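One structure below.
The values are calculated or read from the model by the stated rules, or taken from the named source; none is laboratory data. Not measured: the values here are computed from a predicted model. All Cβ positions, glycine included, derive from the backbone under ideal geometry; neighbour counts span all protein chains shown.
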Amino acid sequence: MDFVKTYWPFLALALWFGYKWWASRKVVAMLPELRKNGAILIDVRSPGEFAQANAPGTINIPLQDLGSRLSEIPKSAPVVVGCASGSRSGMARMMLKRQGYQNVYNIGSWSKFLN
């Protein structure tokens, strides 16, 4: 019992990273089908990060600009968001879901768009 009391934050963190890894792999596996269905691929990193490296076919809409650029994203198409690690794209996914977007997926790292 002392083990759990002492190490629960580390266990929770490990579970969180495990979940992010699993969820990201699931989206990567779905990517060909999502693309076939006209998915919009959005990279929510900063313009500087996007300029350094990006995946072909992705649109750069930085997280801080997402709310003001919703008109560029059709609600009828699947939306796949990515960033550097998956944290900002996780926030983008939540924002889009709150705005009524039904099919929104967080791929995690932008480099997974290359798969």
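Just to be sure before I move on: is Pro32 modelled with pLDDT of 95 or more, closer than 16 Å to Asn115 by Cβ and out of contact with any Leu (no Cβ under 9 Å at 6 or more places or on another chain) in the structure I sent?
On the way: modelled with pLDDT of 95 or more: yes; closer than 16 Å to Asn115 by Cβ: yes; out of contact with any Leu (no Cβ under 9 Å at 6 or more places or on another chain): yes.
Yes; evaluated as a whole, the condition is true for this residue.
Could you tell me which of the residues Ala51, Ala23, Ala55, Ala14 is outside any helix (DSSP H, G or I), on the phi < 0 side of the Ramachandran plot and not polar (S, T, N, Q)?
Numbers: Ala51 fails: outside any helix (DSSP H, G or I); Ala23 fails: outside any helix (DSSP H, G or I); Ala14 fails: outside any helix (DSSP H, G or I).
Result of the check over Ala51, Ala23, Ala55, Ala14: Ala55.
Condition first: assigned to a helix (DSSP H, G or I) and touching a strand residue (DSSP E or B) at 6+ places or on another chain (Cβ under 9 Å). Now tell me which residues in the stretch 69-86 satisfy that. Show your work before the answer.
First, pick out the residues of the stretch 69-86 that are assigned to a helix (DSSP H, G or I): 69-72.
Listed by number, the list holds a single entry, Glu72.
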inquiry  = Between a residue in the stretch 7-24 that is more than 18 Å from Ser85 (Cα to Cα) and any residue that is surrounded by 10 or more Cβ atoms within 10 Å (Cβ to Cβ) and of a type in the set (Ser, Thr, Tyr), which pairs come within a Cβ distance under 9 Å, given they are 6 or more apart or on different chains?
reply    = none
key: Residues of the stretch 70-101 classified as modelled with pLDDT of 95 or more, surrounded by fewer than 16 Cβ atoms within 10 Å (Cβ to Cβ) and of a type in the set (S, T, N, Q), total   = 3
ask   = Checking Arg45 against (1) closer than 22 Å to Gln99 by Cα; (2) among the charged types (D, E, K, R); (3) loosely packed, with under 10 Cβ neighbours inside 10 Å, which test does it fail?
value = (3)
